[in-house]
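Comments concern the structure below.
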Amino acid sequence: MKLFIDSGNLKEIESLVPLGIIDGITTNPSLLAKEPGDYKQILKKICQIVQGPTSAEVVATDAEGMIREGRELAAIDDHIVVKVPFTREGVKACKALSSEGTRVNVTLIFSPAQALLAAKVGATYVSPFVGRLDDIATSGMNLISEIVEIFENYQFTTEILVASTRGPMHIIEAARMGADICTCPAKVIDALFNHPLTDIGLANFLKDWETAQSVRA
Ligand code: E4P
């Protein structure tokens, strides 16, 4: 399963990419609005750092505007994936952009029907938001399992990009279900590393080694 960072923050991205576990980046207008500077330059830098798919979202709400913005975003770098919201207009824009060879990530997916329609118009990725469903007492992970089943039934090549992840359990469950990608805030990626028994085990190994060295000396 691929792991993306859900962030527009260069410092976070620069600190995580050298670990070798990051395959791509997702941004959205809320994330980029937090970053000072020109958003196109930020996106270019992100692409140069990660050298992998980098989702950049349109803010137009009509298909024509989305297509125009999508083309501008795609021109920033070959790694850019154009993100469009799941609306009727977004579906039209996805069809048009995908037909001209631009990769499209259809975002704000909250039902299996929406994922199915996005796959039918050639989306490269669909982004179901698990955390926001959990927030309203609906299982986000059930949505993932339904989309996995539907895409397997028809051999869609659209990849399932699990978004709005809030903790390690979302990532583990997504991997068990066979989702293609999880995009995570930096703090969720940090949490994947942590286990108290690893820390205790390492401290004991080092202490035992040091004790043995001082006895021999
Ligand atoms: C995905 O592409 C979105 O940017 C993101 O995962 C939304 O997450 P949130 O629900 O934590 O804002």
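Please go through segment 24-67 and give me each residue that is open to solvent by 20 Å² or more (accessible area, probe 1.4 Å) and touching a Lys or Arg at 6+ places or on another chain (Cβ under 6 Å), ordered by number.
The one that is open to solvent by 20 Å² or more (accessible area, probe 1.4 Å) and touching a Lys or Arg at 6+ places or on another chain (Cβ under 6 Å): 57.
Could you list, ordered by first residue, the pairs with Cβ atoms under 6 Å in which the first is in segment 21-47 and in contact (Cβ under 8 Å) with a residue 12 or more places away in the chain and the second is part of a loop (DSSP other than H, G, I, E, B) and within 14 Å of the ligand (Cβ to nearest atom), at least 6 apart or interchain?
Short answer, once both residue conditions are applied: 24/53; 27/8; 29/59; 31/8; 32/8; 35/8; 42/35.
Filter segment 7-28 down to residues that are of a type in the set (A, V, I, L, M, F, W, C) and touching a strand residue (DSSP E or B) at 6+ places or on another chain (Cβ under 7 Å) and give me whichever is nearest to the ligand (Cβ to nearest atom).
Among residues in segment 7-28 that are of a type in the set (A, V, I, L, M, F, W, C) and touching a strand residue (DSSP E or B) at 6+ places or on another chain (Cβ under 7 Å), the one nearest to the ligand (Cβ to nearest atom) is 25.
Tally up the residues in segment 82-102 that are within 14 Å of the ligand (Cβ to nearest atom) and open to solvent by 50 Å² or more (accessible area, probe 1.4 Å), please.
The number of residues fulfilling the criteria is 0.
Can you confirm whether residue 110 is touching a strand residue (DSSP E or B) at 6+ places or on another chain (Cβ under 7 Å) and surrounded by fewer than 21 Cβ atoms within 10 Å (Cβ to Cβ)?
In short, yes.
Can you find, within segment 5-23, the residue that is nearest to residue 192 (Cα to Cα) among those that are of a type in the set (S, T, N, Q) and surrounded by 17 or more Cβ atoms within 10 Å (Cβ to Cβ)?
7
Among the candidates 69, 57, which residue alone is among the charged types (D, E, K, R) and farther than 18 Å from residue 182 by Cα? It would help to see each step written out before you state the result.
Values: 57 fails: farther than 18 Å from residue 182 by Cα.
Answer to the selection: 69.
Confirm whether residue 75 is more than 16 Å from the ligand (Cβ to nearest atom), more than 20 Å from residue 107 (Cα to Cα) and at pLDDT 95 or above. I'd like the intermediate steps shown before the answer.
Numbers: more than 16 Å from the ligand (Cβ to nearest atom): yes; more than 20 Å from residue 107 (Cα to Cα): yes; at pLDDT 95 or above: yes.
Judged against the criteria, residue 75 is a match.
Return yes when residue 122 is in contact (Cβ under 8 Å) with a residue 24 or more places away in the chain, surrounded by fewer than 21 Cβ atoms within 10 Å (Cβ to Cβ) and out of contact with any Leu (no Cβ under 8 Å at 6 or more places or on another chain) and no when it is not.
yes
So which residues in segment 29-42 are over 20 Å from residue 181 (Cα atoms) and either in a helix (DSSP H, G or I) or more than 14 Å from the ligand (Cβ to nearest atom) (or both), if there are any at all? So that I can check it myself, show each step before the final result.
Here is the first cut: in segment 29-42, the ones over 20 Å from residue 181 (Cα atoms) are 29-30, 32-42.
Residues satisfying the conditions are 29, 30, 32, 33, 36, 37, 38, 39, 40, 41, 42.
Checking the conditions here, which among 148, 121, 126 is under 26 Å from residue 25 (Cβ atoms), within 16 Å of the ligand (Cβ to nearest atom) and among the aliphatic types (A, V, I, L, M)?
Result: 126 is the single residue among 148, 121, 126 that is under 26 Å from residue 25 (Cβ atoms), within 16 Å of the ligand (Cβ to nearest atom) and among the aliphatic types (A, V, I, L, M).
Go through 8, 24 for me and flag whichever is among the small types (Gly, Ala, Ser) and touching a Pro at 6+ places or on another chain (Cβ under 6 Å).
Answer to the selection: 24.
The values are calculated or read from the model by the stated rules, or taken from the named source; none is laboratory data. All values derive from a computational prediction rather than experimental measurement. Quick reminder, even Gly has a Cβ in these numbers, built from the backbone with ideal geometry, and neighbours come from all protein chains shown. What goes into the accessible areas is simple: the full protein's heavy atoms, side chains included, and nothing from ligands, DNA or RNA. Shrake-Rupley method; radii C 1.70, N 1.55, O 1.52, S 1.80 Å.
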